[in-house]
Amino acid sequence: MEELFQVGSITQTHGIKGEVKVFPLTDDITRFKGMKHLLLDGGKDGYIELEVENVRPQKNLVILKFKGIDNINDIEKFKGKGLYVTKDNRVELKKDEYFIADLIGCDVYTDENPDEKFGVISDVMETGANDVYDIELINGGNVLLPAIKDCILKVDVDARRVDIHLLKGLMD
C-alpha cells in the first residue's frame, strides 16, 4: 500500500445525520476544505475510502460530513479512528513550506562541510515564532536548530537533504 499521512482523528459524532467532529493534525484547519477524499482507519477491515461532502470549522475542531453516511449509527463505531490521505492527495504547500513527515529523516549538511554529513533531522518542534529542527548528530548528541532563513539554506525533500548554516553559539 502506498504511504499514508494522518490528517486527523474522529473524536465524536455530531448530531444524528452522520457528521463527525475531527481533531485536525495540521496547523491550518482550513486545509480540510480542499480535501475531497480521505481514508478512514477501519481497523481489521482495512482502510475505507470516504468522499468528503461538507466541511466546517468549529473552534479547534472540524466537522465533516461524508457522502453516503447519513446516519449516526453508520459512523459511531469509528470514534477515535484516524483519517488519512495519500501522498498525492495532500494539500499543496506554499514556497518554503514542508510537511513534517517529509523532513524527518532528511540528511543534514553544513555550509562549512557540504560534502560531509552533519546529522539527520529526528524531530520538528512547532513553536510560536518558528519551527525548530532537532538534528541527531553523526558524532552523537543533538542540536536544536531554528527553522529560519539564516539557518536553513536549502531543503530538497526529494533528495532527502537539508543544507544549513550554524549560527555562532549553537554548538556551544
Exercise for the section: Quick one: work out Rg over Rh on the C-alpha atoms of the stretch 33-100, Rh as Kirkwood radius. Expected result: 0.99
Handout entry: Whole-Å semi-axes of the stretch 100-164's equivalent ellipsoid (Cα gyration tensor)
Key = 17, 13, 12
Problem - Inter-centroid distance (Cα atoms) of the stretch 1-73 relative to the stretch 121-153, Å - result: 31
Problem - Scattering curve values for the chain, log₁₀ I(q)/I(0), Debye with Cα scatterers, q = 0.11, 0.14, 0.19 Å⁻¹ - result: -0.58, -0.80, -1.13
Exercise for the section: Return the carbon/sulfur percentage of the accessible area of the stretch 56-172, one whole number, probe 1.4 Å, all protein chains in place. Expected result: 46
Completion exercise
Ranked output for segments 76-87, 120-131 by mean other Cβ atoms within 10 Å, highest leading, reads 76-87, 120-131
Fill in the blank from the handout: For the stretch 129-135, Karplus-derived ³J(HN,Hα) couplings (6.51, -1.76, 1.60; θ = phi - 60°; whole Hz; x for glycine and proline) come out as 7, 7, 6, 10, 8, 8, 9
Fill in the blank from the handout: the chain accessible area per residue, 1.4 Å probe, protein heavy atoms, integer Å², reads 61
Handout entry: From phi via Karplus (6.51, -1.76, 1.60), per-residue ³J(HN,Hα) for the stretch 93-104 in Hz, x at Gly/Pro
Key = 9, 6, 4, 6, 10, 9, 6, 4, 4, 7, 7, 5
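The values are calculated or read from the model by the stated rules, or taken from the named source; none is laboratory data. As the structure is a computational prediction, the values presented were derived from the model and not from experiment. Every residue, glycine as well, gets a Cβ built from its backbone with ideal geometry; the counts of neighbours run over all protein chains shown. SASA here: full protein model, heavy atoms, side chains in, ligands and nucleic acids out. Shrake-Rupley method; radii C 1.70, N 1.55, O 1.52, S 1.80 Å.
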